[in-house]
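Reading through the structure tokens given below for one structure.
Read-outs throughout are calculated quantities, based only on the coordinates presented, and are distinct from any laboratory measurement. Note that the coordinates shown come from a computational prediction; the quantities given were computed from them, not determined experimentally. Please note: Cβ atoms are built from the backbone with ideal geometry, for glycine as well, and neighbour counts cover all protein chains shown.
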Amino acid sequence: MWKSWITNYYQKGYYTNDQMKVFVIAGWITADDYKMITGQDYSVA
């Protein structure tokens, strides 16, 4: 449920990559989802 909502908002520019990482930490999307949505590997650094 959250994945499509988050993806849509990311594509519209409402979220940065750092904000997307918060969704991974919260468990709303997976690290694989993060990579698919942003095009970047997920890392905590």
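A few remarks follow.
- Scanning the stretch 1-31 for residues being of a type in the set (Ser, Thr, Tyr) and either touching a Gly at 6+ places or on another chain (Cβ under 8 Å) or outside any loop (DSSP other than H, G, I, E, B) (or both) gives a total of 4.
- Number of residues in the stretch 36-45 that are touching a Phe, Trp or Tyr at 6+ places or on another chain (Cβ under 6 Å) and not in a loop (DSSP other than H, G, I, E, B) equals 1.
- Subset of the stretch 1-21 [over 11 Å from Thr38 (Cβ atoms) and without any contact (Cβ under 8 Å) to a residue 24 or more places away in the chain]: Met1, Ser4, Trp5, Asn8, Tyr9, Lys12, Gly13, Tyr14
- Unique residue being loosely packed, with under 11 Cβ neighbours inside 10 Å and in contact (Cβ under 8 Å) with a residue 12 or more places away in the chain when the list is Val44, Val24: Val44
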